[in-house]
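Asks: Take this structure, written in structure tokens, and hold onto it; I'll ask about it next.
Nothing in this text is a laboratory measurement; each read-out follows from the coordinates by a stated rule. Values in this document were obtained by computation on a predicted structure and should not be read as measured data. Positions of Cβ are generated from backbone atoms using ideal geometry, with glycine treated the same way; all protein chains shown enter the neighbour counts.
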């Protein structure tokens, strides 16, 4: 019995440590917004983020282009075509007790034009300014629940 226990302990010490990352699922919402100085219209569906937009950016018009609900699973990128030759790639790259880390990448003709990571607390929204789009720019409002 002693020899068996010693053998098990020896084997456990010699085996390489197994690291298992437990990934949960994160429900993310991404609003893709076109901001410009053409007109003074603010899309009614942006009421929940308009205060943040106005405090961060100096545009007169905000229009919702897409409203995406995504289920993110660790290190599995989701690619979403957003307009013409552009696509958005969203990846859950880290999870903490009260925080999710998400990577956003925008590609134009296969080349990354934006690559950033944000950390989100549940119920909070992070605003990220993006590349030029039409007469203005694309802005991303990202929130998550988990």
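Asks: Across the stretch 51-81, what is the number of residues that are within 17 Å of the chain's Cα centre (by Cα) and in a loop (DSSP other than H, G, I, E, B)?
Replies: 4
Asks: To continue, here is another question. Starting from the stretch 40-51, keep only residues that are in contact (Cβ under 8 Å) with a residue 12 or more places away in the chain, then list their pairs with residues that are in a loop (DSSP other than H, G, I, E, B) whose Cβ atoms are within a distance under 8 Å, requiring at least 6 positions of separation or different chains.
Replies: 40/60
Asks: When residues of the stretch 109-118 are filtered for being loosely packed, with under 15 Cβ neighbours inside 10 Å and in a strand (DSSP E or B), how many remain?
Replies: Qualifying residue count, the stretch 109-118: 6.
Asks: List every residue pair whose Cβ atoms sit under 8 Å apart, with the two residues 6 or more apart in sequence or on different chains, where the first one lies in the stretch 123-146 and is at positive phi and touching a residue at least 24 places away in the same chain (Cβ under 8 Å) and the second, anywhere, is surrounded by 14 or more Cβ atoms within 10 Å (Cβ to Cβ) and in a strand (DSSP E or B).
Replies: Filtered contacts from the stretch 123-146: 134/34; 134/36.
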